[in-house]
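Structure, as C-alpha cells:
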Amino acid sequence: MTNPMLPATMAMLQKLVAEIFEQLDGIPEDDLNTWLPRDGMRDVNTFFALATHTVGAGEFWILEAAGGRNMDRNRRAEFASTGSLAQLRERYDRWLEGSEEVFFTIDDEDLASIYYRPATPERGMSESPSHPRRMHRSRARAHRGALGSFAVAATALGRGTRRNDRSCMTPR
C-alpha cells in the first residue's frame, strides 16, 4: 500500500464489517430473511437483503470500480436475496480479502485516475440528474463511496437489533 489512506480505509472497512456482524449475531437464522420493521412497511428489506446489498456495493466500488474485476453484480437481486449468517460471513470475508489485494496493488496514479462507467442501475450505478452523460469518478472517490455505503448500512442494521431487541419488528 503506497497511499497512507489505504491502510486506514482497510481498517475502517474491517471495523464496519465487525459492527455489521455484531448487529446480526443473535438474530435467529429465519429472522434474517423474514422480520421487517413495523409501521406497515412491507416493502422494506430484510436484514439478510440489507447485508447482501451492503457487501454488493462494496464489491462493486472496490473490487470492480477500483480494482478492475468484473463482479457481475445484480443489484435488484440483492434485495430479494435470502440465506444464512454463515453465507454472509463467507462473502464478507472474501470481499475483505479482495479489497486488501486491491489496496496492496493499486498505486497512487491508478488511485487518482478517472474511469468511465455507463449508467447501469442493475449493477449499482445511475445517471446523475445534472450530468446525465457524465459518469466520471476518481478511484479515490470509489473507495470513499464504499466506505459511506457501509456506514449507512451498519447504522441501518443496528437500529432495533441491539441486545436482540426485536420489539420494533414484525413478521413478514
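The values are calculated or read from the model by the stated rules, or taken from the named source; none is laboratory data. Everything numeric in this text was worked out from a predicted model, so none of it was measured. Cβ sites come from the backbone with ideal geometry, for glycine too, and all protein chains shown count toward neighbours.
Can you work out which of the residues in the stretch 94-110 that are in contact with a Ser or Thr (Cβ under 8 Å, 6 or more places away or on another chain) and either modelled with pLDDT under 65 or in a helix (DSSP H, G or I) (or both) is surrounded by the fewest Cβ atoms within 10 Å (Cβ to Cβ)?
Only one residue fits best here, namely ASP108.
If the Cβ limit is 6 Å and pairs must be 6+ apart or interchain, which residue in the stretch 18-30 that is under 13 Å from THR54 (Cβ atoms) pairs with which residue that is at pLDDT below 95 and assigned to a helix (DSSP H, G or I)?
GLU19/ALA154; ILE20/ALA154; ILE20/LEU157; GLN23/LEU157; GLN23/GLY158
Looking only at helices (runs of 4 or more DSSP H) that lie completely in the stretch 20-84, which have at least 2 residues being of a type in the set (Phe, Trp, Tyr) and modelled with pLDDT of 90 or more?
Because the criterion is at least 2 residues that are of a type in the set (Phe, Trp, Tyr) and modelled with pLDDT of 90 or more, the helices (runs of 4 or more DSSP H) in the stretch 20-84 that meet it are 47-58.
Got at least one residue in the stretch 158-172 being at negative phi, modelled with pLDDT under 50 and crowded, with 18+ Cβ neighbours inside 10 Å?
yes
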